[in-house]
Amino acid sequence: MKATIAKYQMFNFNDKIAVAVSGGKDSVSLLQILAKLERRYPKASLVAITVDEGIRGYRDEALKIAAENCRKLGIKHHIVSFKELYGYTLDEIVKHLKIKGNSGPTPCAFCGVMRRRALNTAARQLKVDKLATAHTLDDETQTILLNIFHGDVLRIAREKPVTDEAYPKLVQRVKPFCEIPEKETALYAYIKKIKFQTSPCPYASEALRNDVRRMLNTMEEKHAGIKFTIFKSIEKIRPALEAIAEKEGLGECSECGEPTTERVCRTCQMLKQIKRDDRY
Ligand code: SF4
Ligand code: ZN
């Protein structure tokens, strides 16, 4: 991981870093490793952020685990909730979708967009320089293929190991585990006896991602190193993708003022949809 951090110049010696900690094995391992590294840099500092989406029986357990890990490491833990930010928990959104017989976005689609926004808002309020997320090589390669399957190839240009400092309202995101297979982060957590959440999210049914995960794992078993090859291939063509993506430009959402490539950001679009349905 140190090689990845150095190669992509992810941190400066005096950075204030926020780690997104969900309570899963990857994020608690990242927190532990960054906490160790941070001790060597007296001018750097570390905080943790957990997003409480409002998933009863699941996120409550994860919050306790995240809090316990932070307490042990002496790291300040901040929690940001969907309910506070958006007025709805994810459970309420899912209930709403079911009542409306929704055949559109899945709970994960809502959750992903809103959690990303929540993390950025919290990181900005905490005035951190970097937001570190625990996306592994597995997550990265799955996302690359998913973006291709969804026909959203330009998104690949934006989802890089270190995001640009393109917009003051967007906190720079770094992914120190982007070249590390998930198996290794799990092994680290087991060896170090770090407590992490093992129960799956009740809404984890993103069918296409699951298919892609299975496919990549099968291929990796037969052709060792194939995930890394996909990741490196994208790194090679990223400049060309970025040159095309640049034309999209980043502006401000006309509703909430947050950065977006559209007139109204996806979070506002989703909230509008829920509120509009609620009126009928
Ligand atoms: Fe959110 Fe889906 Fe992850 Fe559950 S599995 S926390 S709904 S993104
Ligand atoms: Zn908006």
(request) Could you list which residues have their amide H under 5 Å from that of S81, counting only those 5 or more apart in sequence or on another chain, with H placed in the peptide plane? (result) D52
(message) Considering only protein heavy atoms and a probe of 1.4 Å, how much of the accessible area of the range 2-278 is carbon and sulfur, as a whole percent?
(response) 54
(request) Write down the accessible area per residue of the range 1-127 in Å², having rolled a 1.4 Å probe over the full set of protein chains. (result) 49
(message) Within the range 224-239, name every residue whose backbone N is under 16 Å away from a label modeled 7 Å from Cα of K7 along the Cβ vector.
(response) 225-239
(request) Report ³J(HN,Hα) in whole Hz for each residue of the range 48-62, in order, from the Karplus equation J = 6.51 cos²θ - 1.76 cosθ + 1.60 where θ = phi - 60°; Gly and Pro get x. (result) 10, 10, 10, 8, 9, 6, x, 10, 4, x, 10, 5, 4, 5, 4
(message) Can you work out the Karplus-derived ³J(HN,Hα) for every residue in the range 112-117? Use 6.51 cos²θ - 1.76 cosθ + 1.60 with θ = phi - 60°, whole Hz, and x for glycine or proline.
(response) x, 5, 6, 5, 4, 5
(message) Could you compute how much accessible surface D211 exposes when probed at 1.4 Å, giving the result in Å² to the nearest 10?
(response) 80
(request) Identify all lysines with a Cα-Cα distance to K130 below 19 Å; exclude those on the same chain that are fewer than 8 residues away in sequence. (result) K2, K7, K16, K36, K43, K76, K160, K169, K175
(request) Would you mind finding the longest exposed-site-free stretch of the chain, with exposed GluC sites (Glu not before Pro) meaning DSSP loop and at most 16 other Cβ atoms within 10 Å? (result) 1-164
(message) Can you tell me the length gained on complete extension of the stretch R276 to S254, counting 0.36 nm per residue apart and subtracting the Cα distance?
(response) 6.1 nm
(message) With just the Cα atoms defining each centre, how far is the range 206-244 from the range 20-53? Give it in Å.
(response) 26
(request) Express as a percent, rounded to the nearest 5, the fraction of DSSP beta bridges in the chain (both residues included) that run antiparallel. (result) 15
(request) On the full set of protein chains, 1.4 Å probe, figure out the accessible area of T198 and give it in Å² to the nearest 10. (result) 110
(request) For K36 and E61, calculate 0.36 nm times their separation in residues minus their Cα-Cα distance, and state this gained length in nm to one decimal. (result) 6.5 nm
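Under unit Cβ charges (Lys, Arg +1; Asp, Glu -1), what dipole magnitude, rounded to 20 debye, does the range 135-243 have relative to its Cα centre? Kindly include the intermediate steps, with their values, before the conclusion.
Values: 18 positive and 16 negative charges, 52 e Å.
My answer is approximately 260 debye.
The values are calculated or read from the model by the stated rules, or taken from the named source; none is laboratory data. Keep in mind the model is a prediction, meaning the values are calculated, not measured. Please note: Cβ atoms are built from the backbone with ideal geometry, for glycine as well, and neighbour counts cover all protein chains shown. Heads up: the accessible areas ignore ligands, DNA and RNA and are worked out on the full protein's heavy atoms, side chains in. Shrake-Rupley method; radii C 1.70, N 1.55, O 1.52, S 1.80 Å.
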